[in-house]
Amino acid sequence: MEKVGFFKSIHFKFVVVYILLIIIAMQVIGVLFMERQEDKLKDNFTKNVDENAEMIEVNFEEELEKIINDTEKEESYQNLTSLIRDLSFSDMDRLMVVNTDQQIIAASEESLVGRKTTQPMISQALLGSPTNDIFQKKVGDQLVRTYVVAKPIQKGTDGDVLGTLYIEASIEEIYELSRTLNEILANATIIALAITALLGIILARTITRPLADMQKQAQVMARGDFTRKVRVYDRDEIGQLAASFNDLTNKLQEANEITESERTKLRSVLSYMTDGVIATDREGYIILMNDRAEEMLSLSRHEAMGLFLPEILGLEEDFSIDQLEESPSSLILDYSSKEVPFIIRSSFSVIQKDDGPVNGIITVLHDVTEQEQIEKERREFVSNVSHELRTPLTTMRSYLEALAEGAWQDENLAPKFLKVTQTETERMIRLVTDLLQLSKMDNKDYQLNFQKVNLTEMMQQVIDRFEMSKSEKISFEKHLYNKPLPVRIDPDKIIQVLDNIISNALKYSPDGGKVTFNLKKEATNVHISIKDEGVGIPKQNLTKIFERFYRVDKARSREIGGTGLGLAIASEVVKAHNGEIWAESEYGKGTTIHVKLPTHQTREARV
Ligand code: ADP
């Protein structure tokens, strides 16, 4: 988190505000108080001087009158002088008595006596009006403020002006005092400021400490640690805030634990799901994907995060995200490769609260490969059956039409035509019989009729049967186990398997070809193989010949009366015996069909 700069800190703001407050307070106090104080002192001083002047004037009036009347003149001068000397108290720097001729007749300084003065204030006082003022007087190097009073000395209260009393008193002391008071105030302000700043810092700390604590706590909480608690220093508002903060931490911790456990549950549900689940944000970018979806799309969660849903499903050309949101049904996505079939049904549903905006899409991917395969096989099967039945029926119809149109009367043609219809009917019966048998075996309840049989003997009998009916151009060679070979099988079904394999070997053998029979005993199996020297089967078709209706050469197979179901039935029967059947062939040189059957059935197998 960004560190708070010093000038933006609460500490700084507190101190500044306090200092400003103190400065303002001191200024207001200083200006109002000091001015008042100065005025008051000045007033007191001037009043004092004025009162003294009043008092002096009374004393001088009598002496002056004597001087003017020329009675005891000399004595009066002396009295005045001594009065002035007596009255020259500390405040008064200069005291003079001026007669109406503007001559100084007595003064605190002897040297002034007898001089004439033109001082305007004295002149004005001689006219009867008392004056006073404050002047600046130079004393040595210093300018000294002096209070000057010129007071007329009158006969009685309103009588003739006898002279003027002139007083100069230094008022500088008052200003000095006020300066000293100012200095004291300034010093007091500085001390107050220092104390305030200190108090401001302490006060700010009491506020910022819990706040800093809470900030630290918030940072720790952001990292997922809820164990730390804020210290509650006091029960004041900040203390209550800290307590609420701790309460909030507990609640957050609980909420976090609930969310975490829900998330764990969801994660385990999602990871154990057999369906793939993908969630996107409102723009269609992936935000969640479970293990199964990763597996299905061969894409790691890490790679998929932030990719566009239609893109990873390969739908970007056909669907926009809005269309997927609106799409009510599911889509079948075919991801089959040449070798492996893989079909997914993806269902889309929107994440939406009530009628609010769409917040994303949930896509569920369900593997429907098997269903689709079964469905495909079913469709192929129906189409194959229809085709297999249609071919003989069409042939029969044309021959029957020909017979109906008069061929029945033709002695040569009629038997031939009837023979064809008979052959086609037989083929259809064979086909329907085979289909019925396969259908029975497809049924869950189908049971084999297991019996203990001597396989050597049984196989010998089957070969003998074929030996009697086969063409002389084909020879048989037998390498059969030379002792009785007891096995637990369904003899009818295994005879049918041998019939199908041997009849194929004969069907596909050229004239002069040889069919070799082998029967061997192995540890837990019996191994039968029937080898011919016929056309052979291309390598890529070796496994397919066991599929229903599969033929390498369709036209040829039909020509020689095959239904395309013989080996499919054989395969089902062998599998029902827990055995194995496979083909080996070199194209053009011959084919060997192998069958392995367990001598003992561990479980009564079914198809
Ligand atoms: P069909 O009735 O057509 O013979 P099968 O299921 O018995 O049907 O055999 C399936 C296909 O396998 C045949 O159509 C044929 O193409 C091939 N096939 C089976 N056995 C042999 C064999 N011995 N030699 C060559 N091809 C064979």
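The values are calculated or read from the model by the stated rules, or taken from the named source; none is laboratory data. In this text the structure is predicted, and so the values were computed from the model without any measurement. Just so you know, the surface numbers come from the protein's heavy atoms only, side chains and all, with ligands and any DNA or RNA stripped out. Shrake-Rupley method; radii C 1.70, N 1.55, O 1.52, S 1.80 Å.
Give me the percent of Cα-Cα pairs in segment 312-427 that sit more than 23 Å apart, rounded to a whole number.
60
Dividing the alpha-carbon radius of gyration of the chain by 2.2 N^0.38 Å (N being the number of residues), what value is obtained?
Numbers: Rg = 67.0 Å, N = 607, 2.2 N^0.38 = 25.1 Å.
With N residues counted in the chain, Rg over 2.2 N^0.38 Å equals 2.67.
Using the Kirkwood radius over Cα pairs, work out the Stokes-Einstein diffusion coefficient for segment 344-410 at 37 °C and 0.692 mPa s, in µm²/s as a whole number.
191
If you consider only alpha-carbon coordinates, what radius of gyration and Dmax does segment 172-213 have, in Å?
17.8, 60
Would you please give the residues with an amide H less than 5 Å from that of THR146, counting only those at least 5 places away or on a separate chain, with H modeled from the backbone geometry?
For THR146, the qualifying residues are PHE135, GLN136, LYS137, ILE171.
Stick to the Cα atoms of segment 165-267, pair each with every other, and give me the Kirkwood hydrodynamic radius in Å at one decimal. Mind showing how you got there, number by number?
Numbers: mean 1/r = 0.0531 Å⁻¹.
Mean inverse Cα-Cα distance, inverted, gives 18.8 Å.
Can you pull the Kirkwood radius for segment 120-172, inverse mean 1/r over Cα pairs, to one decimal in Å?
So the Kirkwood estimate lands at 11.7 Å.
Of LYS40/LYS73; LYS514/LYS575; LYS539/LYS575, which pairs sit farther than 31 Å apart, going by alpha carbon to alpha carbon?
LYS40/LYS73
Suppose we look only past 20 Å in the calculated P(r) of segment 458-582. What percent of the Cα-Cα pairs does that tail hold? Working shown, then result.
Working: 3496 of 7750 pairs.
Result: 45 percent of Cα pairs exceed 20 Å.
With all pairs of different alpha carbon atoms counted, what Kirkwood hydrodynamic radius in Å does segment 68-183 show? Can you show the working numbers first?
On the way: mean 1/r = 0.0656 Å⁻¹.
So the Kirkwood estimate lands at 15.2 Å.
Using only Cα atoms, locate the centre of segment 555-605 and the centre of segment 375-407, then give the distance between them in Å, rounded to an integer.
Cα centroid to Cα centroid, the span is 27 Å.
Where in the chain are the DSSP H helices whose C-alpha atoms run 18 Å or more along the long axis and whose mean Kyte hydropathy is at least 1.0?
Those that clear 18 Å and a mean of 1.0 are 10-29.
Distance between the C-alpha centers of segment 461-511 and segment 69-140? Whole Å please.
174
Send over the per residue convex hull volume for segment 89-128, Cα only, as a whole number of Å³.
Numbers: hull volume 3.0 nm³, N = 40.
So the per-residue hull volume is 75 Å³.
State in Å² the accessible area per residue of the chain; use a 1.4 Å probe, count heavy atoms of protein chains only, and round to the nearest integer.
60
Hey, got the Cα dimensions of segment 1-140 along the principal axes, in Å, largest first?
103, 27, 27
On a 25 Å Cα-Cα criterion, which of the cross-link pairs LYS419/LYS589; LYS520/LYS554; LYS376/LYS544; LYS493/LYS589 come out too long?
From LYS419/LYS589; LYS520/LYS554; LYS376/LYS544; LYS493/LYS589, over 25 Å: LYS419/LYS589; LYS520/LYS554; LYS493/LYS589.
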